[in-house]
Amino acid sequence: MSGTSDGTAPPVLVVDVGTTSSAAAVVTGDTTVLVPEPMTGAATWPSAVFWDGQQMLVGTLAERRKRSDPEAFAAGFKRGLADDTSVLLGPRRFRPVEQVVAVLSTLRAEAERLHGAPIHRAVLTVPASYGGLGAGGDWTEERGDEERSRLSGPGTRACGDLSQSASQHSDVRRTRMVAAAEAAGFQTIELLPEPVAAAFAPIAGAPFRPGDLVLVYDLGGGTFDTALVRIGVRWHEVLGHAALDDCGGHDIDALLARRISTDGQQWLAPLTSAAGSSTPATLRLDMAVTDFAQRVKHQLSDAAVVEDFLMPNTPAYRMSQEDLSTLAAPLLSRTATCCTDLLARLGVPVHDVTAALLVGGGSRMPAVADLLQRGLGLPLRRVVDPELATVRGAARWVPVSGQRRVSARTSPEPTVPLSWNIPAGGGRLLRWLVSPGQAYLAGVPLARVRLSSGAVWDLTASSPGTLDRLLVPPDTDVTAGDWLALARP
C-alpha cells in the first residue's frame, strides 16, 4: 500500500460487519486502535438500525429506541444481503445493503473523529462463503458501481464446501459489500476472508507455524462458518470452507426465548393479554423476552447456574449450563457435522489438522468445547477475544500484507507500449493515476486494477517517462501482456 506524502502509512479502517454485532479498528502502520461504541464504550457495536423519520440511527442508539417504535427497528439484515429485499422501517422501505451503508458510514465517522483525519481506505472482512475467496492472495474487492449508484439516494442452506467457480467470482454479496463501502465514502475497499483474518488474530499459547492446518470454527451471532486454513507468513490459504446460514448465536437465543415463554407461560400470560392484538406491544414483549434470553445465555458462559428476572414483578427464571447445552445440542451438532463433512470432502484426515480455532461470540459457550472435543478429537485453540478475533486479525494482517505492485514491461521502440504481468489471470482496469502528457518517475503507480479474484494492485512504472496516450479506458477487462498505454522514455 502506498504511503502518504510525509512517508507515513495511510490509515486503514478495518471493519467486521457481523449479523448481530460489528467492530472496527483504525490501522496506521503498526498501530491499531479499536473504534469503541460511543454510547457504551464497548469494542463491539450492535448491528442494528432505527429509522427515526429523518435519519438512520445505528448501534446502541438504535437498540435504545427500538421499544419506542419496534416497526422502525431492524437487526440481522446481513442475512438478507443476497436477496436484498427491502423492508419497512416505519413509513419507509430500506434494502439490507442500505442498512449496511448506515453501519459503515457511522463507523467511518466515529473512526475519523477519533483519528482526527479522513480515512479513505477500508478492509472489510466477509465470510469465506462469499464466493471467490479461497486461493492464497485472494483478498478481494469487487466492482460496485451499479450498486453504488442505486445507493446514492436517501434461507436455510445445507452445509457444503463452496468451490472457487467462475460464477462465485461475481457473488452479489461481495459486490454489495463493496458498493455499501463506496456509498459510505471509502475510495479503496478490500475484502478479506474472515477465516484468514481470524487465523491472524492473537491466540492463547504458542502461535501457529507456517504449514499448520487449522480448522477455523466460527460461531457468530447469525451464522456458522468453518474453513480449513493453511498457515503462511504474509497470507493464510483457505483450502475449503462451509457454512450454515441458519445456525448462530441468534438462533440459540430464539430457542431459549421459546423455552422461557413456555416455562413462564403462567406469568407471561397477563403480559400477553395486556399486549392484546397491538402489534407494537406484542413486538415489545417479544423483544424483551429475546433480550432476556440473550442475557441468560451470556451469563451461562461463566456461571454454572443463573437466576435472573425478566421483569421486577416476575418470578426468578433459573437455568443451568447443562440445561442450555441440552437445548442447543441439535443446533451445535449440525456445526460439528459441518466440520467433519468439510474435512471429508477435502480428503484431509483429522490427525493432519493441527487444531480447531474457536472464534465468534457463540464459541464462548462451554457446550461448544465439549462437543468439539467429543466429535472431532482435535486440540482446541482460543483467541483472546472471540468476538473481536476477525477485526483484530485483519488489523494484524494489514501491516504484513506488503505492497501489491507489478512493474511495467517495455519495448525498445521510441514510443514505448506499456504492459504488465497482471497476476491471477487478469482483472479490470479501475482508473489511471497519471494523465497523458504527465511525467512520472520509476516506481510511481500509473494505474490501478482489480484482479478477477478481486485484489487491488497498482501498475507501476519500471523506468521514468512521460505518458503519451492511453490505449485502454477505465472499466475495461485486461490480462497479462495487454498493451494498456504508450509512453515516451
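Every condition in (1) more than 21 Å from GLU190 (Cβ to Cβ); (2) in a loop (DSSP other than H, G, I, E, B) is met by PRO423 except one, and the failing one is (1). Output yes when any residue across the range 449-464 is in a strand (DSSP E or B), exposed (fewer than 14 other Cβ atoms within 10 Å of the Cβ) and either among the small types (Gly, Ala, Ser) or not assigned by TED's automatic domain parsing to the domain that holds ARG174 (or both), and no when none is. Looking for residues that are in a strand (DSSP E or B), exposed (fewer than 14 other Cβ atoms within 10 Å of the Cβ) and either among the small types (Gly, Ala, Ser) or not assigned by TED's automatic domain parsing to the domain that holds ARG174 (or both), one finds none in the range 449-464, hence no.
Of all residues being touching a Gly at 6+ places or on another chain (Cβ under 7 Å) and farther than 28 Å from ALA328 by Cβ in the range 177-223, which is surrounded by the fewest Cβ atoms within 10 Å (Cβ to Cβ)? Just the residue, please. First the steps, then the outcome.
First pass over the range 177-223, keeping only residues touching a Gly at 6+ places or on another chain (Cβ under 7 Å): 178-179, 182, 191, 197-201, 210, 218-223.
Checking the rest, the ones that are also farther than 28 Å from ALA328 by Cβ come to 178-179, 182, 191, 200, 210.
Working: VAL178: 27, ALA179: 25, GLU182: 23, LEU191: 25, PHE200: 24, PRO210: 9.
Here the residue is PRO210.
For the range 405-427, the condition holds for at least one residue, the condition being that it is surrounded by fewer than 18 Cβ atoms within 10 Å (Cβ to Cβ) and closer than 30 Å to LEU34 by Cα. Listed here are the strands (runs of 3 or more DSSP E) enclosed by the range 234-345 that have at least 3 residues being aliphatic (A, V, I, L, M) and in the same structural domain as PRO195 (by TED's automatic domain parsing), and there are none. Just a yes or no: is a residue in the range 43-61 out of contact with any His (no Cβ under 8 Å at 6 or more places or on another chain) and part of a helix (DSSP H, G or I)? Yes, that holds for at least one residue. For ALA109, the criteria (1) part of a loop (DSSP other than H, G, I, E, B); (2) surrounded by fewer than 20 Cβ atoms within 10 Å (Cβ to Cβ); (3) at pLDDT 50 or above hold in every case but one, which is (1). The set of residues in the range 18-39 that are at pLDDT 95 or above, among the β-branched types (Val, Ile, Thr) and within 15 Å of the chain's Cα centre (by Cα) is empty. Can you find a residue in the range 85-95 that is touching a Phe, Trp or Tyr at 6+ places or on another chain (Cβ under 9 Å), crowded, with 22+ Cβ neighbours inside 10 Å, polar (S, T, N, Q) and within 26 Å of ASP171 (Cβ to Cβ)? No, because not a single residue in the range 85-95 is touching a Phe, Trp or Tyr at 6+ places or on another chain (Cβ under 9 Å), crowded, with 22+ Cβ neighbours inside 10 Å, polar (S, T, N, Q) and within 26 Å of ASP171 (Cβ to Cβ).
If you go through the range 465-489 and pick out every residue that is part of a loop (DSSP other than H, G, I, E, B) and of a type in the set (A, V, I, L, M), you end up with 4. Within the range 216-227, not a single residue is more than 20 Å from VAL391 (Cβ to Cβ) and either among the aromatic types (Phe, Trp, Tyr) or at pLDDT 90 or above (or both).
The values are calculated or read from the model by the stated rules, or taken from the named source; none is laboratory data. This is a predicted model, so every value here is computed, not measured. All Cβ positions, glycine included, derive from the backbone under ideal geometry; neighbour counts span all protein chains shown.
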